[in-house]
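For reference, the structure is listed below as structure tokens.
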Amino acid sequence: MFKIKTYNQISVKGLERFGRDKYEVGSDIGHPDAVLLRSHKLHNETLPESVQAVARAGAGVNNVPVDDYSKRGIVVFNTPGANANAVKELVLAGLLLGSRGIKDGIDHVRTLHDVEDAAELHKMLEAQKKQFAGNELMGKTLGIVGLGAIGSLVADMALALGMEVIGYDPALSIEAAWRLSSDVQRAENLPSLLSHSDYVSLHVPAIEATHHLINDDALSQAKEGLTLVNFARESIVDPKAIVNALKSGKMKGYICDFPEPDFFGRDDVIAMPHIGASTAEAEENCAMMAANQIMDFLEHGNVKNSVNFPAVSMARCEGQRIIFSNENVPKVLGSVLSVLADYNVNVLDMMNKSRGDLAYNILDVERMQNGEVIKAIAEIEQVISVRLID
């Protein structure tokens, strides 16, 4: 029986993925095999030694101490793409809010509650509506920084609206490149994208390399009158640089999902309370994907959508399966195979991949008679974790 500890309110559809015959799930589980969470911060918590995997029902993992868990051989999963449609739709709303006088018009109408005559109200609004005129998106250029699951959907949406689309992503994967429309123009670098875009939408993760990616220097190279949309992460932009660009007129507006004190009182900033992925459908999709990844790992040792381990998946053979992680240095796999040879254990199939300082291995073996094999593998100096799946 596997034990899953949950934090936050996890979608019922996700929890239902865990069959009761194999899983015990709850928020008060002791000695769990895996942890499933949304936004709960784990940095100040000590996970039991029993934990083998942590799954974040969402894309960002800045609430998880990934480096610390890697040293313990704990696989950290996220759910890229599960909330992509929800974010894409809000990006569309942001683009429309940034191009038309929608919010100002609505706010103005709310000030007219004392006008009781409908004919007078309509006449008044007809005369006043020109102050809320805006621009259409069709024919404008949208620059997209980050062309992963969300960025590619935003690109398709913008093309369907008749916009020109420029993309920039120095870490574009082969899978993402295949998914991307051939109508998306490629920018060689961020300054080039900023200088040619009427609108820019950010879709990169919050990592050290993207911290304050949008700063004074970057915005100085932007096209005059830029509207910036950020439904990715707050740390990607320098809020003071945003205010400086708005004050100078370099930027026309900033629409984001991350309010900052610097933005309060500014009519040219529309800040939402981090609701990009806050739809019932997105929460269900994230929870189901996270649950599926946990089950595939616990039951078969397969790793998909991990932020710290390599992607490894192998069909099961008869017999037993050994999975282990190790420091990515030479001769570790050879040492493990030597242990198996010493105990006369025959290997049926195997897969080994590495990622940075970590390596991960799946070995299918004939059924073992000696229970000391796993203990002997665990004693190899560079082996971080090892588990037998029967």
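The values are calculated or read from the model by the stated rules, or taken from the named source; none is laboratory data. All values reported here derive from a predicted model rather than from experimental measurement. When we count neighbours, we look across all protein chains shown, and the Cβ atoms used for this are built from the backbone with ideal geometry, even at glycine. Protein only, heavy atoms only, side chains kept; ligands, DNA and RNA dropped before computing areas. Shrake-Rupley method; radii C 1.70, N 1.55, O 1.52, S 1.80 Å.
Each part reduced to its alpha carbon centroid, segment 191-227 and segment 325-380 end up 47 Å apart. Each residue of segment 98-107 was assigned a 3J(HN,Hα) from its phi angle through the Karplus expression (A = 6.51, B = -1.76, C = 1.60, θ = phi - 60°), giving x, 10, 10, x, 5, 5, 4, x, 5, 4 Hz with x at Gly and Pro.
Would you pull out the residues with amide H under 5 Å of residue 270's amide H, same chain only if 5 or more places away, H placed 1.01 Å from N? Under 5 Å from the amide H of residue 270 lie the amide H atoms of 254, 255, 256, each far enough along the sequence or on another chain. Nonpolar atom fraction for segment 1-153, defined as the carbon and sulfur part of the 1.4 Å probe accessible area, stands at 50 percent. The dipole here belongs to segment 277-385: it is taken about the Cα centre, uses +1 on the Cβ of Lys and Arg and -1 on the Cβ of Asp and Glu, and is about 240 debye.
Along segment 278-295 the Karplus relation, 6.51 cos²θ - 1.76 cosθ + 1.60 evaluated at θ = phi - 60°, assigns HN-Hα couplings of 8, 10, 4, 5, 5, 5, 5, 4, 5, 5, 5, 5, 4, 4, 4, 5, 4, 5 Hz to successive residues, with x for each Gly and Pro. Taking chymotrypsin sites (Phe, Trp or Tyr not before Pro) across segment 230-332, the ones in a DSSP loop with at most 15 further Cβ atoms lying within 10 angstrom of their Cβ are 264. Computed over neighbours whose Cβ is under 12 Å from that of residue 283, the net charge equals 0, Lys and Arg +1, Asp and Glu -1. Could you tell me whether segment 36-193 comes out rounded, prolate or oblate from its Cα gyration tensor? Rule is a ≥ b ≥ c as square roots of the eigenvalues, rounded for a/c under 1.5, then prolate if a/b exceeds b/c, otherwise oblate. Oblate.
Taking the 1.4 Å solvent-accessible surface of segment 242-390 as the whole, the part contributed by carbon and sulfur is 47%. Per-residue ellipticity at 222 nm from helix content only, as computed over the chain with -39500 (n - 2.57) for each DSSP H run of at least four residues, stands at -9000 deg cm²/dmol. Once a ≥ b ≥ c are taken as the square roots of the eigenvalues of the Cα gyration tensor of segment 155-209, is the result rounded (a/c under 1.5), prolate (a/b larger than b/c) or oblate (a/b not larger than b/c)? Taking the square roots of the gyration eigenvalues as a ≥ b ≥ c, segment 155-209 is oblate. Excluding residue 160 itself, calculate the net charge of residues whose Cβ lies under 15 Å from the Cβ of residue 160, where each Lys or Arg counts +1 and each Asp or Glu counts -1. Local net charge: -3.
Remark on residue 201: its backbone amide H falls under 5 Å from those of 143, 144, 145, 229, a criterion applied only to residues 5 or more positions apart or on other chains, H modelled at 1.01 Å from N.
Loop-resident GluC sites (Glu not before Pro) (DSSP state other than H, G, I, E or B) in segment 319-390 with no more than 15 further Cβ atoms inside 10 Å of their Cβ: 366, 372, 379, 381. From the square roots a ≥ b ≥ c of the eigenvalues of the alpha-carbon gyration tensor of segment 275-361, which class results: rounded (a/c under 1.5), prolate (a/b over b/c), or oblate? Oblate, since a/c reaches 1.5 and b/c is not below a/b. Among the listed options (i) 21.5, 64; (ii) 25.7, 94; (iii) 23.6, 84, the one matching Rg and Dmax of the Cα atoms in Å as calculated from these coordinates is (ii).
Solvent-accessible surface of segment 208-353, averaged per residue with a 1.4 angstrom probe and all protein chains in place: 46 square angstrom. For segment 291-345, the residue among 323, 338, 292 whose Cα projects farthest onto the positive side of the dipole built from Cβ charges is 292. Taking all protein chains as they are arranged and a probe of 1.4 Å, the heavy atoms of residue 317 leave approximately 50 Å² accessible to solvent.
Of the peptides 57-63, 21-27, the order by per-residue mean of other Cβ atoms within 10 Å, starting with the highest, comes out as 57-63, 21-27. In this structure, the amide hydrogen of residue 3, modeled 1.01 Å from its nitrogen in the peptide plane, lies closer than 5 angstrom to those of 24, 33, 34, counting only residues at least 5 positions away or on a different chain.
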